[in-house]
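The values are calculated or read from the model by the stated rules, or taken from the named source; none is laboratory data. Since the model is a prediction, treat every value here as computed from it, not as a measurement. Every residue, glycine among them, receives a Cβ derived from its backbone with ideal geometry; neighbour counts consider all protein chains shown. These accessible areas exclude ligands, DNA and RNA; they are computed on the full protein's heavy atoms, side chains included. Shrake-Rupley method; radii C 1.70, N 1.55, O 1.52, S 1.80 Å.
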Amino acid sequence: LAGGTMTGNTIHNDNVKSIYGTSSDGLEVYHDGSHSYLKDTGTGDLKISSNTVRIESDGAENMIIASANGSVNLYYNNNQKLATTNTGISVTGNGVFSGDVYLLDGKKIHLGTGNDLRLYSSGTNSFIENYTGDLYVDQAAVTKSIFFRVSNANALDTTALTINREGDLTTGA
């Protein structure tokens, strides 16, 4: 076929590929009987160009929506859970991390609707700042104490203050 307009569907049997470009550096579209594939087999990137890219389930449930000059949104069960914003990201629901979370010096963790509690490191010192009400430190493990430790060389090896479950204070090691 050299040019022309196709006016009907084409049916390809399982494992029959539509290949665009040469077979070694092109794009393959096929179904293997169990799964469907859109496969870049060559050099370069697989680019999808549109003002909005939407990936959805066969029941029209949103999975990913990416908008030009806007957000990228990830969904779980058709509910938006993560979105990019002009200042970073917005998460709806809980975040579970399997590794450490790092913030650069001077960047703060703000807690509370009015940013009532802030945690941060300046790079020289570390801070816990409370801007409303009393500040509570609760030891909820039954029969356990609270220890404040300092470094007496290169490790947290000196207990400066201990508060036991009866409220008794002990200073020093």
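Could you tell me how many of the residues in segment 52-91 are part of a loop (DSSP other than H, G, I, E, B) and surrounded by 14 or more Cβ atoms within 10 Å (Cβ to Cβ)?
2
List every residue pair whose Cβ atoms lie under 6 Å apart, where the two residues are 6 or more positions apart in sequence or sit on different chains, the first residue falls within segment 116-145 and is under 24 Å from THR162 (Cα atoms) and free of Cβ contacts under 8 Å to residues at least 12 places away in the same chain, and the second residue, located anywhere, is assigned to a strand (DSSP E or B) and open to solvent by 100 Å² or more (accessible area, probe 1.4 Å).
Every condition considered, the pairs that remain are LEU119/ILE128.
Determine whether segment 111-123 contains at least one residue that is under 24 Å from LEU169 (Cα atoms), over 24 Å from the mean Cα position of the chain (by Cα), loosely packed, with under 11 Cβ neighbours inside 10 Å and among the polar types (S, T, N, Q).
no
When you check GLY106 against the structure, is it part of a loop (DSSP other than H, G, I, E, B) and exposed (fewer than 11 other Cβ atoms within 10 Å of the Cβ), yes or no?
So GLY106 passes the test.
Give the number of residues within segment 148-173 that are farther than 20 Å from VAL137 by Cβ, among the aliphatic types (A, V, I, L, M) and either open to solvent by less than 90 Å² (accessible area, probe 1.4 Å) or within 38 Å of the chain's Cα centre (by Cα) (or both).
2
So for segment 25-39 (the condition being open to solvent by less than 90 Å² (accessible area, probe 1.4 Å), touching a His at 6+ places or on another chain (Cβ under 9 Å) and not aromatic (Phe, Trp, Tyr)), does at least one residue qualify?
Yes.
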